[in-house]
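Reviewing the structure listed below.
The values are calculated or read from the model by the stated rules, or taken from the named source; none is laboratory data. Everything numeric in this text was worked out from a predicted model, so none of it was measured. Cβ placement follows ideal geometry from the backbone for every residue including glycine, while neighbour counts extend to all protein chains displayed. For the accessible areas, the whole protein counts, side chains as well, though only heavy atoms, and no ligand, DNA or RNA atoms are used. Shrake-Rupley method; radii C 1.70, N 1.55, O 1.52, S 1.80 Å.
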Amino acid sequence: MSATGRSDVRHPDDFYSTPAWATIALLRVLGLPSRSTVLDPACGEGAILEVVRQLGHVTVGVELDADRAGRARGQGHFVTTGDALAFAEWPGAADAIVMNPPYTLAMEFVVRAIAEARPWGIDVAALLRLPWLASVGRAAFHREHPSDVCVLPRRPEFAASIKCKGRKREKGDARPPCSWSVLLPIDAPRFSACPLCGSKVDTVTTDATDYAWFVWGPGRGGRWSILTTPEAA
Ligand SMILES: C[S@@+](CC[C@H](N)C(=O)[O-])C[C@H]1O[C@@H](n2cnc3c(N)ncnc32)[C@H](O)[C@@H]1O
């Protein structure tokens, strides 16, 4: 998830919580037997793990940010605090790895997860932007590691885009109109007025790009589908 580029305010560590409906839809695809162990190596406050547990599985997580890791532990998940990419091996003897990796480290997390999963013959699912499929720089990777692509039929509202409606120019005012904007996680406290000029703000709560679960694993690769999402989630 990236900021608009205008104000360049990002949430620290690329923290954006995955909506429950997106995880529910993925778990239908994975078809794990009950009481499977699912690892989220960048688990944040445990949004994915919470759904996984509600659907009858055992949860294991890793999270870099100590506060977020603590909140996930507070929900009863088994979470280790630390940099998952620096761990010698990932915890959990998992039956599946499910993650919404930090956007800036997505490739590192995907490569590592595939390496962790291969000896166990388990699935890896990563929530990524659809354009992740289309980059020249990743073509060799996709050829070597073809995934199934399970497209989300609606946009995950990870973010609220907040823009200044613009300070009105007074007569003789030479200052340029305000163009402040920020992209925040959907559940972060919102700005009711522009912090720079005090004008009203516009808040748009849909994301600008489309997302899919990319799934690697035995027998996977080369198929795409549109996920069925739970109506009321
Ligand atoms: C996009 S959020 C997803 C959080 C959670 N899985 C969810 O869906 O709500 C990515 C998370 O990865 C964490 N993170 C970033 N770099 C990490 C690293 N090297 N090791 C472990 N966690 C990391 C961030 O702190 C953030 O909480």
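Counting only C-alpha contacts under 8 Å and six or more residues apart, can you give the relative contact order of the chain as a whole percent?
Values: 463 pairs, mean separation 54.5, N = 233.
Once divided by the residue count of the chain, the mean separation gives 23 percent.
Using a Förster distance of 22 Å, how high is the FRET efficiency between residue 196 and residue 155, based on the Cβ-Cβ distance and rounded to 0.05?
Result of the calculation: an efficiency of 0.20.
Treat every Asp and Glu Cβ in the chain as -1 and every Lys and Arg Cβ as +1, leave all other atoms uncharged, and give the resulting dipole magnitude about the Cα centre to the nearest 20 debye.
940
Between residue 145 and residue 175, what is 0.36 nm times their sequence separation minus the Cα-Cα distance? Round to one decimal in nm.
That works out to 5.5 nm of additional length.
Against the empirical 2.2 N^0.38 Å scaling, what ratio does the C-alpha Rg of segment 16-73 come to? Each step should come with its number before you reach the end.
Numbers: Rg = 11.0 Å, N = 58, 2.2 N^0.38 = 10.3 Å.
Ratio of Cα Rg to 2.2 N^0.38 Å: 1.07.
Which value, in Å³ per residue, describes the convex hull spanned by the Cα atoms of segment 159-206? Each step should come with its number before you reach the end.
On the way: hull volume 2.8 nm³, N = 48.
Hull volume over Cα atoms, normalised by residue count, gives 58 Å³.
Of the heavy-atom accessible surface of the chain (probe 1.4 angstrom), what whole percent is carbon and sulfur?
53
Test of understanding: extend the Cα→C-beta vector of residue 20 to 7 Å, then name every residue of segment 32-60 with backbone N under 13 Å from that spot.
So the set is 47-56.
Taking the chain on its own, what percent of its Cα-Cα pair distances exceed 32 Å?
24
If amide H atoms are built 1.01 Å from N in the plane of the peptide, which residues on other chains or at least 5 residues away come under 5 Å of the amide H of residue 79?
Distant-sequence amide H within range of residue 79: 61.
How far apart, in nm, are two points set 7 Å out from the Cα along the Cα-to-Cβ line at residue 210 and at residue 78?
Here the answer is 3.9 nm between the modelled labels.
What is the calculated FRET efficiency for residue 89 to residue 138, with r their C-beta to C-beta distance and R₀ = 30 Å, to the nearest 0.05?
So, using R0 = 30 Å, E works out to roughly 0.75.
Could you sort the peptides 49-60, 25-36 by per-residue average Cβ neighbour count (10 Å cutoff), highest mean leading?
Packing order, densest peptide first, comes out as 49-60, 25-36.
Using a 4.7 Å Cβ cut-off, which Cys residues in the chain lack a partner cysteine?
43, 150
By the scheme Lys and Arg +1, Asp and Glu -1, what is the net charge of all other residues having a beta-carbon under 13 Å from that of residue 115?
For residues surrounding residue 115, the net value is -2.
Just the accessible area per residue of segment 39-82, please: how many Å² with a 1.4 Å probe?
For segment 39-82, the per-residue accessible area is 39 Å².
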